[in-house]
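Data first, discussion second: the structure below is written as structure tokens.
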Amino acid sequence: MPGSTPASVSADLHALGEPLVPAGEAEDLSRRRLALRRFLRHPAGMIGLVLTTVLVALGLLADTVAPGDPFAFAGPPLSAPSAEHRFGTDNLGRDLVDAIVHGLHTSAVVVLWVVVIATVLGVMIGAVAGYRGGFVDDALMRLTELFQTIPRFFLVLFMLALFGSSFKNVILVLGLTSWPLLARVVRAEALSIRERQFVEAARSLGASNLRILTRHVLPNVVPAAVVVIALLASRIILLEASLSFLGLGDANVMSLGFLVSNAQRFIRVAWWMSVFPGATLAIAVLAVNLLADGLNDTITPNR
């Protein structure tokens, strides 16, 4: 258009429903800002975010917050909560505050590593299956269904019994069994995204499948994946605690599940041994679930 500036041409094309790339980027930025404002106004999501941040910070800074060995003798056994031992001591005289903080450290480390493993596997398998379709999709989805048909808890028990229940093995086993749900969600998103105009445009310009996957498909499956990952984190916390409760965790690592299990014999004479670790575990799971609920309502407000 003679005499028109680039900005006016972009505005005219946008008004005609033909947005240029910069306009699309501006629209994405505006959408992200709107989503952020929605999340900041979501009470449950904000409560979940604050609680999760505090618990993760306590866990990751356990050596600073509660220095020393959490298994070490700290006072008279079965001491009730006091100024010296705020949550009391257990049957072996271990301070429960130190033990709970280090239990949070174990949960935080397990969740972070398991989420990394499950995200890499789930996103990779789901994105490739959804984008490629055909035989690749069928093969990858049959593999996913195979993992989903076997009860996960019993699969984890079998693998730990087979390979040992060291801390690294617990993380690896949980990571290798936590990806199927994420893969199915990512696949569903990828099936929709591969039919959109910007993917067709990239394909017509000669972009390789790898470039389309990394530049166009993966960034657009992130919102749905984030919600699933948040839900997955709460399940991992419970699963790790359940394994430790049954004595299948690493005996050299403090765990909230171990503390609850150890408190069973003393519940009538030392209520604090079960109440404080159990409440911490419940708050951790609740916090992550509230955060996931807030993310879901923010990212998919109309679903």
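I'm trying to understand the selection: among the residues of the range 260-280, which are without any contact (Cβ under 8 Å) to a residue 60 or more places away in the chain and of a type outside the set (Gly, Ala, Ser)?
Answer for the range 260-280, where residues must be without any contact (Cβ under 8 Å) to a residue 60 or more places away in the chain and of a type outside the set (Gly, Ala, Ser): 260, 264, 267, 268, 271, 275.
Quick one: which helices (runs of 4 or more DSSP H) sit completely within the range 42-141 and have at least 1 residues that are of a type in the set (Lys, Arg)?
Helices (runs of 4 or more DSSP H) meeting the threshold: 96-132.
Collect the residues in the range 62-103 that are of a type in the set (D, E, K, R), under 22 Å from residue 252 (Cβ atoms) and touching a strand residue (DSSP E or B) at 6+ places or on another chain (Cβ under 9 Å), keeping them in residue-number order.
Once the filter is applied, which keeps residues that are of a type in the set (D, E, K, R), under 22 Å from residue 252 (Cβ atoms) and touching a strand residue (DSSP E or B) at 6+ places or on another chain (Cβ under 9 Å), the range 62-103 yields only 95.
I'd like to know if the range 237-245 contains one or more residues that are among the aromatic types (Phe, Trp, Tyr), surrounded by 14 or more Cβ atoms within 10 Å (Cβ to Cβ) and farther than 30 Å from residue 39 by Cβ.
Yes, because at least one residue in the range 237-245 is among the aromatic types (Phe, Trp, Tyr), surrounded by 14 or more Cβ atoms within 10 Å (Cβ to Cβ) and farther than 30 Å from residue 39 by Cβ.
Which residues, counting only those in the range 121-142, are free of Cβ contacts under 8 Å to residues at least 40 places away in the same chain and more than 22 Å from the chain's Cα centre (by Cα)?
134, 135, 136, 138, 139, 142
Bear in mind these aren't lab numbers, they're just calculated from the coordinates by the rules spelled out. Since the model is a prediction, treat every value here as computed from it, not as a measurement. All Cβ positions, glycine included, derive from the backbone under ideal geometry; neighbour counts span all protein chains shown.
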